[in-house]
Amino acid sequence: MSLRSPLGRVLGLGSAKGGSGHWYAQRVTAVALVILGLWFIASLALLGAGAPYAAVLDWLRSPFSAVMAVLLLAVSAYHALLGLQVVFEDYISDKGTRLVVLVALKFALVVAALVGVFGVLRIAFGVQA
């Protein structure tokens with residue numbers, strides 16, 4: 001029997017001792033994705049549906065557009081990681097399999113984000129293939 005109140009036992013700590021931070025990060029990245037997604041859609045709409053390839057490259061070469069595109073890629077990868085991590089933790093019961101899947105997920109998302117950022121930076125700095 002504990003002398004602590006039920007509130008005292010759980011105050012600030014979930015079963016994993018960090019679930020609220022994960023939940024909060026998921027919500028913050030979701031808001032950031034809404035803002036960045038609206039910027040991306042509006043920017044492409046301003047370019048026009050039939051914008052030539054050179055116009056899109058010029059748009060992405062501007063420092064503001066390049067930074068925003070890199071942010072969109074990074075936040076998207078992190079948000080995907082947070083969401084998929086929760087799904088895999090909930091539905092994969094074997095701890096060994098779960099660990100392998102989570103490591104593979106993190107590796108794949110880091111590689112995908114780095115490839116995207118590398119592509120944006122190549123365009124932004126005008127590197128020719």
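The values are calculated or read from the model by the stated rules, or taken from the named source; none is laboratory data. For clarity, every value in this text was computed on a predicted model and none was experimentally measured. Counting neighbours? That spans all protein chains shown, and the Cβs are built from the backbone with ideal geometry, glycine included.
Brief remarks follow.
- Hey, Ser43 in contact with a Phe, Trp or Tyr (Cβ under 9 Å, 6 or more places away or on another chain), over 27 Å from Tyr24 (Cα atoms) and not aliphatic (A, V, I, L, M) or not: yes
- Residue check, Leu121 within 27 Å of Ser20 (Cβ to Cβ) and either touching a residue at least 24 places away in the same chain (Cβ under 8 Å) or surrounded by 14 or more Cβ atoms within 10 Å (Cβ to Cβ) (or both): no
- Any chance Phe125 is under 22 Å from Gln26 (Cβ atoms) and either touching a helix residue (DSSP H, G or I) at 6+ places or on another chain (Cβ under 9 Å) or among the charged types (D, E, K, R) (or both): no
- In segment 14-32, the residue that is modelled with the lowest pLDDT out of those that are aliphatic (A, V, I, L, M) and either surrounded by 13 or more Cβ atoms within 10 Å (Cβ to Cβ) or not in a loop (DSSP other than H, G, I, E, B) (or both) is Ala25.
This table checks each residue for (1) out of contact with any Pro (no Cβ under 7 Å at 6 or more places or on another chain); (2) of a type outside the set (Lys, Arg); (3) modelled with pLDDT under 95; (4) outside any helix (DSSP H, G or I).
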| residue | (1), (2), (3), (4) |
| --- | --- |
| Ala55 | yes, yes, yes, no |
| Leu81 | yes, yes, no, no |
| Asp90 | yes, yes, yes, no |
| Ser93 | yes, yes, yes, yes |
| Val101 | yes, yes, no, no |
| Lys106 | yes, no, no, no |
| Ala112 | yes, yes, no, no |
